[in-house]
Amino acid sequence: MLSAFRILASLALFIAPIALADVFPSTYATPSANPLLFQNATILTGDGERLDNASLYVSNGRIEWIGAGTVTPDATVVDAAGKWITPGLIDVHSHLGVYPSPGVAAHSDGNEATAPVTAEVWAEHSIWPQDPGFTRALAGGVTTMQILPGSANLFGGRGVTLKNVPSISYQAMKFPNAPHGLKMACGENPKRVYGNRNQAPSTRMGNVAAYRNAWIKAQRYVDDWDRYERAIAEAAAKKDDSSTSMASALLTTTPPKRDLELETLAGALRGEILVHMHCYRADEMLTILDMAQEFGYRVGTFHHGVEAYKIADQLAAEGVCGALWADWWGFKIEAYDGIQENIALVDRPNGGCAIVHSDSSEGIQRLNQEAAKAMLRGNRAGLSIQPERAIRWITSNAAKSLGIDDQTGSLKPGLMADLVLWNQDPFSVYAKALQVYIDGSLSYEQGNPDLNPQSDFELGQLMGVTP
Amino acid sequence: MRNLFLSVVLLLSSGITSAESLLIANASLIERGSSSDVTHDILISDGVISRIAEDLTETPADNVIDAAGRPVTSAFFAGITALGLTEIGMVSDTVDSQLMDLYTGLIHPEFDVRDAFNPHSSAIPVTRIEGFGYTLLAASPGDRPLSGHGSLVRLDGGYNSFEGVPVMYANVDGAAGDKLGGSRAASWMLLNAIFAELTTPDKDLKLITPQGKSALLAAKKNGIFIFRAHRASDIVRVLAFASEYNLQAVISGGQEAWIVRQPLARAKVPVIINALDNLPQSFDALGARLDNAALLHEAGVTVLFTSGETHNARKLRQVVGNAVAHGLPHKTALAAMTSLPASLFGGIERSLQSGSRADLVIWSGDPLDVTSAADSVIIGGALDTMQSRQTKLLQRYLPEEPNKGRAYINP
């Protein structure tokens with residue numbers, strides 16, 4: 001029989017947002033696969049190294065060793081002579097599933113554009129796992145991606161990190177133990193969306209006021225919960241008859257009311273949810289960094305950052321990543337100063353964390369080409385950027401931005417065996433992913449119909465039409 | 001008619017320095033499919049290629065550039081764009097490529113985007129220094145089945161650098177139908193009614209103005225009709241319409257064109273595609289696939305390319321490189337980027353032979369790969385300064401420790 005103490009204690013755990021049970025939990029199961037030995041490959045490890053004519057060994061879904069080591073007799077041997085191996089590519093900014101193909105109005109689930117602060121919404125609740133875009137991204141070597149809400153709102157909601165495995169549910173794609181992201185947006189989009197409705201914000205100063213008001217509420221929320229938990233903890237710590245005082249504490253101390261919006265913001269203040277900030281202009285990014293200091297949180301990554309090159313040193317000093325495009329510019333005035341050297345310049349300072357992101361169902365298929373363009377521009381500007389450095393922009397730096405660099409994004413012993421076998425140097429328009437492995441399991445193979453997943457949506461379309 | 005514009009060339013000093021004669025030595029002429037170990041010298045005088053031979057080094061020239069074996073091609077076609085018709089996508093008073101919500105309620109094929117062309121747009125040098133010499137100006141789809149017309153234009157900074165025949169834009173895809181009473185059949189209903197008015201006396205016109213009638217008749221006589229269509233059945237419908245009214249038709253979009261490549265080949269109707277389209281982004285494009293270009297080419301259909309971008313029109317090199325990666329022959333792709341659009345839309349000949357206009361590019365490597373860029377651009381025989389607003393921003397922000405602040409670095 002359970003004591004009152006245990007019932008109440010478990011009740012307390014249940015109510016406390018920090019100790020919330022894992023809701024909408026990942027059901028991703030690491031697939032079983034034979035051990036794998038790749039031989040004679042050119043390997044870009046993802047964290048800055050290049051190995052020529054090298055071997056790599058995978059077992060139990062993890063990288064076992066690179067270079068030399070023991071191999072079990074049941075290992076599948078892949079001769080990678082003339083081929084290149086990189087970590088599986090990671091896109092930190094995708095709207096696959098929330099703005100899927102076909103892009104019909106009833107599929108437009110990426111922006112809860114009904115209020116400027118919607119930190120309570122979770123992108124995962126909008127994801128349509130049958131978006132054919134996932135399979136195309138897989139063919140481009142993408143093994144992990146963050147699906148974000150759009151940028152109509154100041155606080156757009158939570159983003160989710162997925163493994164790119166074809167599934168019925170997003171839960172089965174959900175990257176185990178990856179932190180949530182919080183999507184925030186600077187600049188034109190929120191003030192346009194709400195200003196056009198004659199409501200706040202309609203200006204950049206309105207944007208900042210609304211962020212700060214939300215953070216103030218979130219701080220109070222954190223304080224309320226901290227105070228409550230402290231009272232319970234103090235009661236539990238009392239030496240005399242702890243179960244009685246605990247029970248009385250639980251009965252006399254009212255827990256704060258749960259609030260989904262503030263739960264997300266509190267998670268960001270506590271550093272449990274990583275902040276992903278859509279921001280184009282240099283001056284606005286610096287304003288945001290000051291605001292983060294005011295409220296004691298960290299901006300993990302600026303997304304789009306078309307002017308990030310103007311403040312590359314500050315970003316590096318603050319340890320903030322820039323998730324950027326290779327060449328987009330001009331589609332709106334906050335994107336007017338885009339230059340093709342942006343990524344290379346953000347990468348330049350010590351501690352610089354440059355990332356190539358897509359924000360596009362086309363771009364996510366060609367992150368290698370986007371990175372190649374950025375590398376070329378850096379080199380033509382006189383920086384010396386080798387493939388082993390540039391690959392970080394679409395692997396380890398992206399993993400760091402998502403808080404999963406201890407799991408994937410580089411080819412280090414113990415990490416997930418998410419990797420791509422390329423037909424050549426991946427930094428070329430002619431490069432193709434021959435094979436894509438997720439947790440050591442062959443998930444895609446070029447030209448092999450048995451290893452080209454297709455979404456339910458595409459099945460049986462255009463009956464009778466053949467190439 | 002725009003003959004006036006064809007004959008007037010106003011070259012601005014901005015960005016392009018003129019020279020009487022220029023010799024490009026040791027060029028690899030990949031456009032001809034020559035092997036890379038044989039190089040040629042190209043002599044340019046008065047803005048025109050005057051000679052190409054294996055060794056012209058004895059010929060006097062005011063300027064000599066050593067291509068050192070690098071590829072040299074004609075300047076590239078930037079696709080169908082709004083270059084010079086828009087400065088910033090979301091700043092509507094800088095966007096002039098599209099007719100929407102016009103009070104007349106009529107169809108206006110006479111809407112001529114060239115009247116809005118601004119050669120000083122910052123996007124033009126941004127595009128030109130990436131190796132692009134000309135583009136086809138778009139009358140972007142608005143809320144009418146005919147969205148107006150444009151033509152080729154050189155990206156040489158001239159106010160009147162237009163070339164070629166009138167190019168009329170018709171929109172018959174699902175998106176167009178949605179704006180026309182809810183059915184793509186309404187596009188055809190209106191197009192049939194409009195074309196019936198070509199034989200109607202001016203005073204009895206209902207859907208178009210007399211000026212619109214003239215513009216349509218001119219385009220019908222010697223121009224091109226570009227039909228925006230993706231779905232195979234829509235493309236087949238275009239072929240029937242073009243045949244009925246005896247139009248020179250071109251399909252743009254064409255994501256399912258590969259399905260009807262045999263009828264397209266028989267009708268000799270070219271297709272302009274974005275070779276990156278491989279998703280069923282709409283129900284018009286369920287058949288989108290990466291080897292669309294290769295399949296069309298194999299069937300004998302002429303393929304051209306556009307990226308759908310204006311500011312990032314320079315991305316077209318990558319778009320076409322991907323078509324090559326998915327089966328289109330490299331030489332065919334290069335022709336689609338150089339000589340073919342000019343000849344299709346009636347522009348000045350652009351090929352590497354004497355007598356051709358000297359709009360040329362020296363590339364650092366394969367111009368269709370993301371690993372290369374334009375090293376030098378020559379427009380009308382003059383070397384481009386290779387400067388744009390973006391190169392100036394780079395020069396301002398490249399120095400690591402500016403002395404007095406970056407606003408004082410004015411390259």
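The values are calculated or read from the model by the stated rules, or taken from the named source; none is laboratory data. Since the model is a prediction, treat every value here as computed from it, not as a measurement. Heads up, the Cβs are rebuilt from the backbone with ideal geometry, glycines too, and the neighbour counts pull from every protein chain shown.
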Which of the residues belonging to region A:434-467 are within 14 Å of another protein chain (Cβ to nearest Cβ), outside any loop (DSSP other than H, G, I, E, B) and either without any contact (Cβ under 8 Å) to a residue 40 or more places away in the chain or under 21 Å from A:ASP131 (Cα atoms) (or both)?
-> A:ASP456, A:PHE457, A:GLU458
Is there a residue being more than 14 Å from every other protein chain (Cβ to nearest Cβ) and surrounded by fewer than 24 Cβ atoms within 10 Å (Cβ to Cβ) anywhere in region B:73-96?
-> yes
How many residues, within region B:29-68, are modelled with pLDDT of 95 or more, closer than 25 Å to B:THR332 by Cβ and not in a loop (DSSP other than H, G, I, E, B)?
-> 4
Mind checking which residues of region A:327-344 are of a type in the set (A, V, I, L, M) and more than 7 Å from chain B (Cβ to nearest Cβ)?
-> A:ALA335, A:ILE343, A:ALA344
Do we have A:PHE38 as part of a strand (DSSP E or B) and either under 26 Å from A:ARG389 (Cα atoms) or modelled with pLDDT of 95 or more (or both) here?
-> yes
Out of the residues in region B:92-116 that are small (Gly, Ala, Ser) and more than 23 Å from B:GLU197 (Cβ to Cβ), which is farthest from the chain's Cα centre (by Cα)?
-> B:SER92
Just a yes or no: is a residue in region A:360-382 surrounded by fewer than 21 Cβ atoms within 10 Å (Cβ to Cβ), within 19 Å of A:ASP91 (Cα to Cα) and more than 9 Å from chain B (Cβ to nearest Cβ)?
-> yes
Out of the residues in region B:329-361 that are without any contact (Cβ under 8 Å) to a residue 40 or more places away in the chain and assigned to a loop (DSSP other than H, G, I, E, B), which is nearest to the other protein chains (Cβ to nearest Cβ)?
-> B:PRO329
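Does B:PRO270 satisfy the criteria of being without any contact (Cβ under 8 Å) to a residue 24 or more places away in the chain and buried (at least 22 other Cβ atoms within 10 Å of the Cβ)?
No, not satisfied.
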Positions within region A:311-326 being surrounded by fewer than 23 Cβ atoms within 10 Å (Cβ to Cβ) and on the phi < 0 side of the Ramachandran plot, in sequence order = A:ASP313, A:GLN314, A:ALA316, A:ALA317, A:GLU318
Restricting region B:318-328 to residues that are under 14 Å from B:PHE76 (Cβ atoms) and not aliphatic (A, V, I, L, M), which is nearest to the other protein chains (Cβ to nearest Cβ)?
-> B:GLY321
Looking at (1) part of a helix (DSSP H, G or I); (2) in contact with a helix residue (DSSP H, G or I) (Cβ under 9 Å, 6 or more places away or on another chain); (3) more than 21 Å from A:VAL58 (Cα to Cα), which is the one condition that is false for A:SER401?
-> (2)
Of the candidates A:ASP337, A:ASP347, the one satisfying the condition of being more than 18 Å from the chain's Cα centre (by Cα), crowded, with 22+ Cβ neighbours inside 10 Å and of a type in the set (D, E, K, R) is A:ASP347
Could you list all residues from region A:117-132 that are under 24 Å from A:ALA105 (Cβ atoms) and part of a loop (DSSP other than H, G, I, E, B)?
-> A:THR118, A:GLU120, A:VAL121, A:ILE127, A:TRP128, A:PRO129, A:GLN130, A:ASP131, A:PRO132
Selection status of A:GLN435, under 25 Å from the mean Cα position of the chain (by Cα) and more than 26 Å from A:ASP47 (Cβ to Cβ) | no
Going through region B:69-80 in order, the residues found to be hydrophobic (A, V, I, L, M, F, W, C) and part of a loop (DSSP other than H, G, I, E, B) are B:ALA75
Of the residues in region A:158-176, those that are in contact (Cβ under 8 Å) with a residue 60 or more places away in the chain and out of contact with any Phe, Trp or Tyr (no Cβ under 9 Å at 6 or more places or on another chain) come to A:SER169
Residues (more than 22 Å from the chain's Cα centre (by Cα) and without any contact (Cβ under 8 Å) to a residue 60 or more places away in the chain) located in region B:367-398 = B:THR371, B:LYS392, B:LEU393, B:LEU394, B:GLN395, B:ARG396, B:TYR397, B:LEU398
Just one of (1) under 17 Å from A:ARG392 (Cβ atoms); (2) touching a strand residue (DSSP E or B) at 6+ places or on another chain (Cβ under 8 Å) trips up A:ALA335, so point out which.
-> (1)
When you scan region A:235-353 for helices (runs of 4 or more DSSP H) that lie fully inside it, which ones turn up with 3 or more residues that are at pLDDT 95 or above?
-> A:260-269, A:282-295, A:312-318, A:342-347
